[in-house]
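In what follows, a single structure is set out as structure tokens and then discussed.
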Amino acid sequence: MKPGISPLMRVENVSRIFPVGSTLLGGPRHRVRALDRVSLDLRRGETLGLVGESGCGKSTLARLMVALDAPSEGRITFDNAPLSGLPAGELHRRRRQIQMIFQDPYASLNPRMTARASIAEPLANFTGMGRADIEARIEELAAQVGLPPHLLDRFPHELSGGQCQRVGIARAISAGPDVIIADEPVSALDVSIQAQILNLLLEIKRRMGLSMVFVSHDLSVVSHIADRVAVMYLGRIVEIGPTAEIFAQPRHPYTRMLLDAVPHPLPAGRGRKTQAQGELPSPIDPPAGCHFRSRCPHADASLCGATVPPLVTVGEAEIACLRLDEITLERAGV
Amino acid sequence: MITASPTLSVRDLSVSFGATGARLQALDRVSFDVARGEILALVGESGCGKSVTMMAILGLLPERVARIEAQRIQLGELDLRKATPKALRTVRGRRIGMIFQDPMTSLTPVHTVGFQIAEVMRAHQGLSRRAAQARALELLDLVRIPDPRRRLDAYPHELSGGMRQRVMIAIALACAPELLIADEPTTALDVTVQAQIMELIADLRREMGMSVVLITHDLGVVATTADRVAVMYAGRIVEEAPVADLFRNPSHGYTAGLIRSLPGGETERQTRLAEIPGNVPRFAAPPNACAFTERCAFALPGCATTRPPDEQISQAHRCACFNREAVAAALRDTPFVRAWV
Ligand SMILES: Nc1ncnc2c1ncn2[C@@H]1O[C@H](COP(=O)(O)OP(=O)(O)OP(=O)(O)O)[C@@H](O)[C@H]1O
Ligand SMILES: Nc1ncnc2c1ncn2[C@@H]1O[C@H](COP(=O)(O)OP(=O)(O)OP(=O)(O)O)[C@@H](O)[C@H]1O
Ligand code: SF4
Ligand SMILES: [Mg+2]
Ligand SMILES: [Mg+2]
């Protein structure tokens with residue numbers, strides 16, 4: 001953190017535990033730690049990318065950050081004030097300040113509402129604007145997100161995926177939020193539409209001076225859009241730092257495996273064997289100690305099985321690996 | 001190209017759906033060959049006709065609504081256009097293996113993996129129960145499933161997504177087919193697992209000498225795995241080339257648009273990507289126009305009034321674009337790299 005500037009949002013030691021496989025008589029049989037003592041800051045004006053494989057907890061964290069769900073342990077603050085346990089009025093104000101964009105552009109809109117009505121909803125809820133003002137503002141927002149005005153009176157099923165996502169973005173920015181949490185906002189879109197929406201998000205963020213959390217499993221997209229990146233594995237952050245640094249010089253063995261698994265460009269990488277080994281273990285019963293040790297080429301059974309690796313600062317990045325020093329030396333060929 | 005006769009050869013395949021009068025043209029004169037032992041990738045966006053192409057070849061389109069026309073659909077010596085439904089069923093089990101995006105929907109939840117693999121072989125090869133079981137074990141080993149003996153008795157829900165996809169591949173390969181059709185085989189999987197499955201498919205192709213049609217929308221997967229690519233847009237193949245040629249020398253406005261719009265390449269971080277304007281068409285392109293003209297940065301006036309013919313750029317590279325020289329000149333050697341390199 002830069003001295004003197006406090007982060008806009010702060011996630012401190014947050015866990016989210018879900019009961020799974022509950023039986024009628026015996027109650028919950030297992031618990032999944034979807035998030036396991038996660039801490040991170042969202043700095044003012046930054047885009048923080050959140051990456052990791054399916055089930056690592058990205059959406060869970062996103063939902064906690066928009067207060068759609070509450071942590072089981074730990075706390076999240078916005079401007080130094082806690083996000084959970086707010087009285088209704090406060091919560092309402094927070095909801096205006098933190099908005100979410102979802103992956104599935106169709107499912108996230110009400111199928112019985114026109115685009116116009118969808119965009120009007122947060123305006124009516126949050127701004128106290130009059131009818132005429134709302135109408136004018138809708139047209140303005142439509143122009144901002146590149147939605148032709150004649151589409152405003154259509155229902156979601158009459159719009160393309162990209163157009164629906166524009167409506168979702170218009171909704172999210174309509175009440176003037178400070179933070180946007182975007183959960184896989186382009187993953188469900190056609191390839192030729194993704195660049196349109198990424199451009200729109202970049203532009204809106206810059207113009208409105210927003211902070212953004214950008215969740216994606218597509219590393220190229222995150223590398224393009226994020227200032228910093230947090231890499232998650234089975235409910236924990238294993239590495240977080242400036243985008244350029246993480247991608248140019250990944251330090252955690254998992255980050256390396258992940259970057260390495262992305263299909264290689266031509267022609268140099270063809271025919272090279274992937275380093276990726278094994279699959280995600282069950283989140284119900286993750287390995288003790290370092291969660292990654294069952295797939296890690298550097299794991300030391302006694303060390304990595306015994307201790308949960310803490311995040312250690314290296315330059316501007318933080319890495320959670322117990323054998324970081326040895327691995328770094330090994331890589332340097334010492 | 002001078003090769004032995006191709007494993008699969010398709011000429012002017014057209015498919016339309018619906019009642020006469022309101023027909024939707026899904027495929028418009030699609031032609032391609034798959035050579036023996038090669039991996040041909042079919043790329044294109046949702047709805048462009050990739051799956052319909054394969055379903056038409058396999059005789060899996062609903063007869064009542066689908067009208068199929070073709071000059072040729074030839075599997076080795078066999079004319080698939082003339083094959084009876086019964087013959088097609090045999091072809092699908094023995095000579096063409098198939099894997100799909102979601103392995104869960106193709107496996108039965110109530111039987112063990114071993115039983116399901118063995119069933120395929122009993123049905124198609126008339127193996128005894130014992131022989132089929134033994135072969136199932138070999139197949140699980142072939143697709144690199146660890147501890148295969150134990151997995152024979154596992155039910156699909158007990159396996160991870162990657163393991164299920166390996167089982168599907170085992171079933172597809174059970175009868176040592178000459179052609180494997182893989183329709184988005186890794187779209188539902190994580191990248192680290194995707195890398196392993198693609199590698200498995202490439203290795204098996206080499207070991208078994210089969211041909212592969214790989215359907216995908218991911219140019220990265222194409223670049224890593226395929227030998228040749230056919231790019232589809234709105235029911236037509238607009239460009240086809242060996243992988244290296246396609247990326248070095250993209251020549252269709254759509255191929256160029258796609259490559260330029262990807263993060264990475266020449267676009268600096270956090271700056272505007274070269275987007276393709278407009279939307280993916282939901283309806284067939286007009287017959288007398290280039291299917292991509294409305295969204296194309298290289299469009300000439302003629303592109304909206306005449307369908308560009310397929311032209312051979314080099315021996316193995318063909319493209320249907322009136323402005324292909326300008327496209328190729330603008331894109332020549334555009335780096336297609338991971339965004340962060
Ligand atoms: N409501 C819930 N009840 C039970 N388990 C849940 C619930 N929500 C999430 N989980 C579990 O928590 C873990 C994290 O899920 P989450 O959706 O956050 O992952 P993700 O990183 O967003 O994955 P994806 O990339 O697939 O979207 C998973 O094991 C998931 O099954
Ligand atoms: N049985 C059918 N009846 C009517 N139309 C159909 C039928 N099957 C496919 N289509 C249409 O044919 C077109 C091509 O569909 P197809 O499934 O081949 O697309 P695709 O390229 O495989 O897309 P995706 O990447 O989404 O799988 C689409 O417009 C689709 O709606
Ligand atoms: S702590 Fe051990 S197991 Fe975990 S990443 Fe580091 S070396 Fe691998
Ligand atoms: Mg998610
Ligand atoms: Mg398909």
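Values in this text are rule-based calculations from the coordinates and carry no lab data. As the structure is a computational prediction, the values presented were derived from the model and not from experiment. Cβ: placed from backbone, ideal geometry, glycine included. Neighbour counts: every protein chain shown.
Using a Förster radius of 25 Å, what is the FRET efficiency between A:GLU121 and A:MET208 based on their Cβ-Cβ separation? Nearest 0.05, please.
Computed FRET efficiency for A:GLU121 and A:MET208 comes out at 0.80.
Please state, to two decimals, what the Cα-based radius of gyration of the stretch A:110-264 comes to when divided by 2.2 N^0.38 Å (N = residues).
1.20
Partner chain Cβ atoms within 10 Å, averaged over the residues of A:193-202 - can you pull that number for me? Walk me through the numbers before you get to the answer.
Numbers: counts 8, 6, 12, 7, 2, 6, 6, 1, 0, 4.
Across the residues of A:193-202, the mean count of other-chain Cβ atoms within 10 Å is 5.
Out of every Cα pair in the stretch B:250-338, what percent are spaced more than 20 Å from each other?
I get 38 percent for the Cα pairs in the stretch B:250-338 exceeding 20 Å.
Once you sort the root eigenvalues of the Cα gyration tensor of chain A as a ≥ b ≥ c, which label holds: rounded (a/c under 1.5), prolate (a/b larger than b/c) or oblate (the other case)?
Note, shape of chain A comes out prolate.
Taking 7 Å along the Cα-to-C-beta vector as the label spot, tell me the B:GLU207-B:ASP310 distance in nanometres, rounded to one decimal.
That separation, rounded to one decimal, is 3.4 nm.
Which FRET efficiency value, to the nearest 0.05, is calculated for B:ARG89 and A:ARG112 with the Förster distance at 56 angstrom and r the Cβ-Cβ distance?
Working from the Cβ atoms, E equals 0.80.
Counting only helical runs of four or more DSSP H residues, what would the 222 nm mean residue ellipticity of chain B come to if each run contributes -39,500 (n - 2.57) and the total is spread over all its residues?
The per-residue figure over chain B is -9500 deg cm²/dmol.
So what's the back-of-envelope 222 nm ellipticity for chain A, counting only DSSP H runs of four-plus at -39500 (n - 2.57) apiece and dividing by all residues, rounded to 500? Please list the in-between numbers first.
Details: 11 runs with 110 residues, N = 334.
Rounded to the nearest 500, the figure is -9500 deg cm²/dmol.
For the stretch B:204-303, count all C-alpha to C-alpha pairs, find those more than 25 Å apart, and express that count as a whole percent of the total. Walk me through the numbers on the way to the answer.
Numbers: 1360 of 4950 pairs.
Within the stretch B:204-303, distances greater than 25 Å cover 27 percent of Cα pairs.
Given the peptides A:47-56, A:196-205, arrange them by the average over their residues of other C-beta atoms within 10 Å, most packed first.
A:47-56, A:196-205
Can you give the direction-averaged projected area of the convex hull of the alpha-carbon atoms in the protein assembly as shown, in nm²? Present the calculation step by step, with values, prior to reporting the outcome.
Values: hull surface 136.1 nm².
The directionally averaged projection comes out at 34.0 nm².
Going by how many other beta carbons lie within 10 Å of each one, how would you line up A:ASP325, A:ASP69, fewest first? Numbers along the way, then the final one.
Working: A:ASP325 11, A:ASP69 17.
In order of increasing Cβ crowding within 10 Å: A:ASP325, A:ASP69.
What nm value, rounded to one decimal, do you get for the distance between A:ALA88 and A:GLU158 when each label is placed 7 Å out toward the C-beta?
3.6 nm
If you take the square roots of the eigenvalues of the alpha-carbon gyration tensor of the stretch B:75-199 and sort them as a ≥ b ≥ c, do you get rounded (a/c under 1.5), prolate (a/b over b/c) or oblate? Show your work: numbers first, answer last.
On the way: a/c = 1.98, a/b = 1.28, b/c = 1.55.
In terms of gyration-tensor shape, oblate.
Give me the percent of Cα-Cα pairs in chain B that sit more than 35 Å apart, rounded to a whole number.
For chain B, the share of Cα pairs beyond 35 Å comes to 26 percent.
Can you give the relative contact order of chain B as a percent, counting alpha carbon pairs under 8 Å and 6+ residues apart?
On the way: 637 pairs, mean separation 66.4, N = 341.
Here the relative contact order equals 19 percent.
Which order do peptides B:151-160, B:186-195, A:314-323, B:232-241 fall in by mean Cβ count within 10 Å, highest first?
Highest mean packing first, the order is B:232-241, B:186-195, A:314-323, B:151-160.
How high is the FRET efficiency from A:ARG131 to B:THR271, r the C-beta distance, R0 51 Å, rounded to 0.05? If you can, show how the numbers build up before the last one.
Details: r = 40 Å, r/R0 = 0.78.
So the FRET efficiency works out to roughly 0.80.
Suppose a student asked you for the relative contact order of the stretch B:250-338, using Cα pairs under 8 Å spaced at least 6 residues apart; what percent would you report?
Answer for the stretch B:250-338 is 39 percent.
Subtract the Cα-Cα distance of B:GLU294 and B:GLU69 from 0.36 nm times their separation in residues, and report this length gain in nm to one decimal.
Length gained, B:GLU294 through B:GLU69: 78.3 nm.
Would you kindly state how much longer the chain becomes between B:ALA329 and B:ARG11 on full extension, computed as 0.36 nm times their sequence separation minus their alpha carbon distance, in nm to one decimal?
Using 0.36 nm per residue and subtracting the Cα-Cα distance, I get 111.5 nm.
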